Structures are given as structure tokens and as C-alpha cells.
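Visitor: Dropping the structure in here first, questions after.
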């Protein structure tokens, strides 16, 4: 057992999704599609007499993380470092939960598999109400297509075989809990249509188109986000809204070409990884 | 559609495996465990009037690659570049087949998903008799545990949440076709025992132990390989035999510490990836 361990979990931008609720949190989740980002969260877990969570050095309460620690029956200090904002559609809470599971597994010698750790983090995120599909996508990496909802025992994932530079621009935040706690009928109808389109044509171009249509038909598109997406289109680029956040992401140099000053990263293929430890 | 596309596929060292034959090649395959390596094969696919395959600049006949091109109904020049030897347990033929599928999908605008491309390459490798589990492991990356045999529609994969430096030392080659064409009862019995051990304790230490036991009980261990593994153990390291090749792989600095001059790489987590293209 190591005294401290580190894990990296990519950010994940969802382009479209459906919602599925079940009494079993590991069967609850979403279908959908998204992009894993090289901008993510580095999570450090260390033994402690009392658990505490910090994000970029500041104390923070992230229910999904607390639930992971409770499930593993451990007390630990969890420190996350990221350039991504919380609540803007990058799956930061999911990344913290999954990174906590991966790193705590090493520190406390729990000897769980990747699927088991992903199941724990997915269940924690679902029960906290902060996400439905980020965790399983972040565990996989690349451009995950979630064909079936739920944790690794229940879902079925595929991927778009592509890679790209990704730019993103954050206008504000949206509360996942508020959106998922309301009527999600329109979301699921629009999400199923988008999924069908991407399954028929699993390319990045088709993914971006499906995501734009989803954001309109689900009713989640805000005026400010629409305005940025239009600017990118006018400049010849390809952008969409990150669910659930007031955030625009674009392929290549889409946002830069439209005159914005975006953050720049790449699609990240490895998924969640343990970075180092004494014993693995 | 791009004129040329590139893909990278990690090498894959199998530690233990079972064999399962089915009339459907996508249901044929193996359970088992292995390690994906940062040493792999970069595959370039280019349109051509007649198909041709080269490995490190030399013309070569790889049936699994020809079968992938036939399935996609394309003529192409396939060029593989690798530092790994063929026939020594690194999954080079599987990497060539999978890389061909990923890159040809871009060049010829086939719009197939990662699972569909993996299914095609897995089926091609099975029909060529050159492998049962490398392709699905190489598509996943990391330290894949193949809990069920077959392609992505039928198998079930998990992984060991760890990473490590890996050293390897090649003594000679073994013919996969000869081994898999003979009586595989002992292999499958030993493979199931090893899988059970690693499922109970999904750590790298347990994986190496299970792999060593498998190599003895399956009858595949050669005297020369055993001698190197013993040298590494005497130097305090952890080594096992790469299936199917006369190759030893070790964690950390195991082979170096025992006085060998091994090749050095890392565990590779992304799995097969498209490197670049005009349109993805």
C-alpha cells in the first residue's frame, strides 16, 4: 500500500444525451456522445484521519467524491488540480470522483479493477445528481458513444475513430442538478435522434452536427451560446454547446478563427489513468 | 476522403489466455490478460490500384491485413513501421490488421465506428490463424483483462488500474498457428486458472504471478525463457513469458538489474488511435 497516489482523468464535453433512471444507480445513466479532453483533473489521494477535499488548493464539498470515499470505507485527503471550471460542462465532478476511486484504490490496497472503480464513481455521481454519463466516458477516453446507459456492467460503449485539436470558450455555468431534476422528455427525444445520426455516421463532423441539433431541440441552447456557435460557423468552423454548461467547444481553430480567445487542447484517448504509485 | 491516413496501434504482450472456437469468427477468440506497450506499429494507408503491404520498408504477406482490405473492399498500399519483431509475442500482425482498418476507414470514407473496425480486424486475425485476443486488447489499451472471448459485440473487457515501465528481451520466435492448431486443452485449463486469480486480485503483481504459473502449466514455457525469468527473480525482479513468443517481459528494471540489455518502453493506455487525416 502506497502512502499517496495520483490519477489523471480527462475532461469530458457531452454533445448530446438521453436520461435513464433506475432504482439501481449502476443502471441509471445516459446514452449520448462526447469528447474527452487533454485538459482534465489530476487527483492526489493521501491517507488522513479525517476526509477533506480540495480543488486547486481551496476546500470544496463534492458529494460524488465523498460518496466514493464512503463506498471504499476510507478517510483521505483528496486534492484536485485542474484548469477546467466546475459547472460548465467539462465533467469536473465526475473526474474528481473517478480520480479519487483510481488513486484511493492504490493508497488503500483495495485491489479493485478498472470497471469496479468506474462503477463506484458512476454510482456516486448519479446519487449526487451531478452527472449521468461523464464517468463512464472519462474512464474510456477518446470520443465515446454511449449506446446503452449505466455503469460498465450494464452499458455498451463505442467510439468515433478520429482525433482533433479542440478549442473551448466558457460563457457561464448551468446546474446539472436543476436540468436533470426537471422534465427531461425533450432531452431524451432529441438525444435519441442525435445518437441515431452518429451511430449511422460515426465521424466528428456528424457528431458536431448532431450536437448542434440536439442543443436546439432539447431546449438547452442559450442565446449567448447560439451567438458564439454562429460566429464560428460564419468563420467556416464547426462548434457546438457543451452539456451541461454555458460553454462552446469547436474543432481545430474554429473559435480562434472567429476572433475568440479560447482554451486549446486535444482529444485525449487514454481515459482515466493511475499516474504513479509505490505498488500497483 | 483523405489520400493518406496514419494510425498507431500498441504492441500487446499476452501473459495468459484460453482458446474458444466458434463458426463465427467474431465469436471466436480468447479470454486472458496482457499489457499494451508504447512500442507498437505505425500504419500508413494510401490508395493504390493494387494492394501491397510493407513492414519497415520490406514487402511482406500478412494474411490478416489482406483480409481487412478485402472486407473493406479497397485496394491500398499499407506500410507498417515498428521496432517490434514479428512472431515473438507482441501482436504485430494484429496491430497491422487493426491499424489498416483504422487508417483505411479514413482514406476511403467508410464511416465505421471503432467497434466495427475492431470487429473487422479481429475477424481477419482469427481467420488468418495468427491471433485470438491481441486485436481487441490493442483497441482498448492499458492492461486489458479479457473476461469473455470474441470481438466487441460479444466480449467483455476489464483492466488493471496501474501503469509501469516495461522491459522486454527477445530470444526467438514461436508460430501462433502451430500452437493454436494443436491440442489447446492444457492452455485453456491453465488460462482459466490464471484469469480467475487476476479477477480476484487485479494488480500487476498478481498478473505477473498468474502469467508465470500459466506458462509452466500450459506447457508453453521453454527452457531458455525459464532461465531468463529465473535470473530476473534472483535479481529481485518480476518477469514472465510473452505469449506466443520466445520473449521475456519484466516490470520496472527487472531485466536490466539481471544484467540483460532489454528494450525499454511503457504501458500504453490509449489503445489504437488515428494519428491524423484530412477528414475524420
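Visitor: Could you identify the single residue in A:87, A:131, A:99 that is modelled with pLDDT under 95 and buried (at least 20 other Cβ atoms within 10 Å of the Cβ)?
Guide: None of the others qualify; the one that does is A:131.
Visitor: Just the residues that are in contact with a strand residue (DSSP E or B) (Cβ under 9 Å, 6 or more places away or on another chain) and over 16 Å from residue A:274 (Cα atoms), please, taken from the stretch A:24-38.
Guide: Residues satisfying the conditions are A:27, A:28, A:29, A:30, A:31, A:32, A:33, A:34, A:35, A:36, A:37.
Visitor: Evaluate the following for residue A:125: is it under 14 Å from the mean Cα position of the chain (by Cα), buried (at least 24 other Cβ atoms within 10 Å of the Cβ) and not assigned by TED's automatic domain parsing to the domain that holds residue A:169?
Guide: Against the criterion (under 14 Å from the mean Cα position of the chain (by Cα), buried (at least 24 other Cβ atoms within 10 Å of the Cβ) and not assigned by TED's automatic domain parsing to the domain that holds residue A:169), residue A:125 qualifies.
Visitor: On the basis of being part of a loop (DSSP other than H, G, I, E, B), more than 12 Å from chain B (Cβ to nearest Cβ) and in contact with a helix residue (DSSP H, G or I) (Cβ under 8 Å, 6 or more places away or on another chain), does residue A:221 make the cut?
Guide: Values: part of a loop (DSSP other than H, G, I, E, B): yes; more than 12 Å from chain B (Cβ to nearest Cβ): yes; in contact with a helix residue (DSSP H, G or I) (Cβ under 8 Å, 6 or more places away or on another chain): yes.
The answer is yes for residue A:221.
A quick yes/no check of all residues on (1) within 15 Å of the chain's Cα centre (by Cα); (2) under 25 Å from residue B:239 (Cα atoms); (3) crowded, with 22+ Cβ neighbours inside 10 Å; (4) in contact (Cβ under 8 Å) with a residue 40 or more places away in the chain:
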| position | (1), (2), (3), (4) |
| --- | --- |
| B:5 | no, no, yes, yes |
| B:12 | yes, yes, yes, yes |
| B:18 | yes, yes, yes, yes |
| B:23 | no, no, no, no |
| B:33 | yes, yes, yes, yes |
| B:41 | yes, yes, yes, yes |
| B:44 | no, no, no, yes |
| B:50 | no, no, no, no |
| B:67 | no, no, no, yes |
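Visitor: Against the conditions (1) assigned by TED's automatic domain parsing to the domain that holds residue B:67; (2) in contact (Cβ under 8 Å) with a residue 24 or more places away in the chain; (3) touching a helix residue (DSSP H, G or I) at 6+ places or on another chain (Cβ under 7 Å), where does residue B:112 fall short? Just the number, please.
Guide: Result: residue B:112 fails condition (2) only.
Visitor: Quickly run through the stretch B:55-84 and pick out the residues that are in contact with a strand residue (DSSP E or B) (Cβ under 6 Å, 6 or more places away or on another chain) and in a strand (DSSP E or B).
Guide: Of everything in the stretch B:55-84, those that are in contact with a strand residue (DSSP E or B) (Cβ under 6 Å, 6 or more places away or on another chain) and in a strand (DSSP E or B) turn out to be B:55, B:76, B:77, B:78, B:79, B:80, B:81, B:82.
Visitor: Let me ask something additional. Identify, from the list B:236, B:254, the residue that is modelled with pLDDT of 95 or more and buried (at least 18 other Cβ atoms within 10 Å of the Cβ).
Guide: It is B:254.
Visitor: Residue check, residue B:192 against (1) over 22 Å from residue A:7 (Cα atoms); (2) assigned to a helix (DSSP H, G or I); (3) within 11 Å of chain A (Cβ to nearest Cβ), all met but one. Which one?
Guide: Here residue B:192 clears every test but (3).
Visitor: Could you pull out every one of the helices (runs of 4 or more DSSP H) wholly within the stretch B:85-175 that has 1 or more residues that are within 22 Å of residue B:23 (Cβ to Cβ) and within 14 Å of chain A (Cβ to nearest Cβ)? Before you say what the answer is, go through the steps one by one.
Guide: Details: elements: B:92-107, B:114-128, B:134-140.
Once the helices (runs of 4 or more DSSP H) in the stretch B:85-175 are filtered for at least 1 residues that are within 22 Å of residue B:23 (Cβ to Cβ) and within 14 Å of chain A (Cβ to nearest Cβ), what remains is B:114-128, B:134-140.
Visitor: Follow-up. Looking at A:209, A:276, A:197, which is the one that is within 14 Å of another protein chain (Cβ to nearest Cβ), surrounded by fewer than 23 Cβ atoms within 10 Å (Cβ to Cβ) and over 26 Å from residue A:30 (Cα atoms)?
Guide: Of the residues listed, the single one that is within 14 Å of another protein chain (Cβ to nearest Cβ), surrounded by fewer than 23 Cβ atoms within 10 Å (Cβ to Cβ) and over 26 Å from residue A:30 (Cα atoms) is A:276.
Visitor: Also, I was wondering about something else. Among the residues of the stretch B:33-54, count how many are in contact with a helix residue (DSSP H, G or I) (Cβ under 6 Å, 6 or more places away or on another chain) and farther than 18 Å from residue B:79 by Cβ.
Guide: 2
Visitor: Does residue A:214 qualify as being within 11 Å of chain B (Cβ to nearest Cβ), assigned to a helix (DSSP H, G or I), within 20 Å of the chain's Cα centre (by Cα) and at negative phi?
Guide: Numbers: within 11 Å of chain B (Cβ to nearest Cβ): no; assigned to a helix (DSSP H, G or I): yes; within 20 Å of the chain's Cα centre (by Cα): yes; at negative phi: yes.
Answer is no for this residue.
Visitor: Restricting the stretch B:240-280 to residues that are part of a loop (DSSP other than H, G, I, E, B) and touching a helix residue (DSSP H, G or I) at 6+ places or on another chain (Cβ under 6 Å), which is farthest from residue B:95 (Cα to Cα)?
Guide: B:258
Visitor: From A:232, A:228, A:179, which residue is within 17 Å of the chain's Cα centre (by Cα) and either more than 14 Å from chain B (Cβ to nearest Cβ) or part of a helix (DSSP H, G or I) (or both)?
Guide: A:179
Visitor: Could you say which residue among A:162, A:210 is in contact with a helix residue (DSSP H, G or I) (Cβ under 8 Å, 6 or more places away or on another chain), farther than 30 Å from residue A:123 by Cβ and modelled with pLDDT of 95 or more?
Guide: Going through A:162, A:210 in turn, just one is in contact with a helix residue (DSSP H, G or I) (Cβ under 8 Å, 6 or more places away or on another chain), farther than 30 Å from residue A:123 by Cβ and modelled with pLDDT of 95 or more: A:162.
The values are calculated or read from the model by the stated rules, or taken from the named source; none is laboratory data. All values reported here derive from a predicted model rather than from experimental measurement. Every residue, glycine as well, gets a Cβ built from its backbone with ideal geometry; the counts of neighbours run over all protein chains shown.
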